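Only one structure is covered here, and it is reproduced in the block below.
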Ligand code: HPA
C-alpha cells in the first residue's frame with residue numbers, strides 16, 4: 001500500500017511556512033507551465049523553496065521554478081506556487097495535491113489555478129485564455145484520485161460533492177474583468193490526463209466527443225482536494241497549442257513555454273481584477 005498523506009505531515013509543512021511569514025494568506029495561486037512570471041508581481045515577497053520544507057515534493061519540470069512566493073497582490077495576502085507538482089514526475093496523487101492541503105491548513109480560502117493546455121475546441125487558438133467552467137477527471141476515472149486512502153475527516157467528507165468544482169461567483173467576476181479589459185475569455189471544460197506524452201489524434205477526437213475544450217496534465221487533482229476542504233476555485237487555462245486532431249502537426253514543450261509569454265499578461269490581468277473584486 002502506498003504511503004498516504006497525513007494531517008501531521010501537512011501540519012509540519014504548514015508550521016514551517018508559518019514560522020517564516022507574518023501575513024495570513026487568503027488566496028492561493030498555482031502557476032502553470034510558462035506562467036511563472038506572475039509571481040514577479042507579488043509585493044513584499046518571501047520566497048520559500050520547496051526543498052526547504054520537510055517531506056515536500058520538488059518540481060522537476062523545465063519552466064517550473066519550485067518555490068512558494070508569499071506576499072501581496074492587489075493588496076490581498078497571497079501564497080503563490082511558482083511551479084507545481086505533476087503526477088507524471090513520479091509523485092503520488094496525494095503528493096501532487098499536498099501543496100493545496102498545506103494552503104488550506106494555512107487558512108487559504110480561495111484557490112486560483114492556472115495551467116497550460118492544448119486547445120481541443122476547434123474555435124480556440126494558441127494564446128487564448130479559457131475560463132475553466134468544469135473538469136473531466138480522466139485520471140480519477142482510471143483509478144487515480146488524490147483523496148484515496150484514509151479520509152482526513154478534519155478537512156472534509158469521505159465522498160465530497162463535485163457538482164460545482166469551479167466557483168460561479170468567480171465566473172461572473174472573471175467575465176466582467178475580461179470585458180472591462182477588452183480581453184477575449186474563452187470558456188470550457190478542462191480534461192486532466194496524466195501525461196507526460198502528449199495526446200494522439202485518436203485521444204484528441206475522443207476528448208472532443210467527451211465534451212473537453214482543453215486538455216492538460218494537471219489541475220484536476222488540486223481542484224478535487226481544494227473542494228474537499230471547501231475552498232472556492234477559479235481556474236484559467238492558457239491555450240498554448242491547438243490540438244492536433246488529424247496528426248498533421250507536432251506538439252512540443254518549447255511551444256508551450258513560448259505561448260506562456262503571450263498568455264501570462266492576459267492571465268495576470270484577470271487574476272488581478274478578480275482579486276480586486278473579492
Ligand atoms: N496536451 C496536454 N497538455 C498540454 C498540452 C497538450 O496539447 N499543451 C500544454 N499542456
Task: Count - residues of the stretch 200-212 that are buried (at least 18 other Cβ atoms within 10 Å of the Cβ) and in contact with a helix residue (DSSP H, G or I) (Cβ under 9 Å, 6 or more places away or on another chain) - done: 2
Open item on the list: Among the residues of the stretch 245-261, are any on the phi < 0 side of the Ramachandran plot and touching a helix residue (DSSP H, G or I) at 6+ places or on another chain (Cβ under 7 Å)?
Closed with: yes
Open item on the list: I'm checking my understanding of the structure. Among residues of the stretch 223-248 that are buried (at least 24 other Cβ atoms within 10 Å of the Cβ) and within 15 Å of the ligand (Cβ to nearest atom), which one is farthest from residue 269 (Cα to Cα)?
Closed with: 243
Open item on the list: Based on this model, can you work out whether residue 269 counts as more than 8 Å from the ligand (Cβ to nearest atom) and part of a helix (DSSP H, G or I)?
Closed with: yes
Open item on the list: Need the failing condition index for residue 156 against (1) in contact with a helix residue (DSSP H, G or I) (Cβ under 8 Å, 6 or more places away or on another chain); (2) modelled with pLDDT under 95, just the number.
Closed with: (2)
TODO: Please verify whether the stretch 54-73 includes one or more residues that are within 16 Å of the ligand (Cβ to nearest atom), in a strand (DSSP E or B), at pLDDT 95 or above and buried (at least 19 other Cβ atoms within 10 Å of the Cβ).
DONE: no
Task: Flag for residue 197 being within 12 Å of the ligand (Cβ to nearest atom), within 29 Å of residue 5 (Cα to Cα) and free of Cβ contacts under 8 Å to residues at least 12 places away in the same chain - done: yes
Open item on the list: Quick check on the stretch 93-126: of everything there that is more than 23 Å from residue 170 (Cβ to Cβ), part of a loop (DSSP other than H, G, I, E, B) and in contact with a helix residue (DSSP H, G or I) (Cβ under 9 Å, 6 or more places away or on another chain), which residue is farthest from the ligand (Cβ to nearest atom)?
Closed with: 122
Task: Residue in the stretch 204-217 that is farthest from the chain's Cα centre (by Cα), counting only those that are more than 9 Å from the ligand (Cβ to nearest atom) and within 15 Å of residue 242 (Cα to Cα) - done: 205
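The values are calculated or read from the model by the stated rules, or taken from the named source; none is laboratory data. What you are looking at is a predicted structure, and each value in this text was computed from that prediction instead of being measured. Cβ sites come from the backbone with ideal geometry, for glycine too, and all protein chains shown count toward neighbours.
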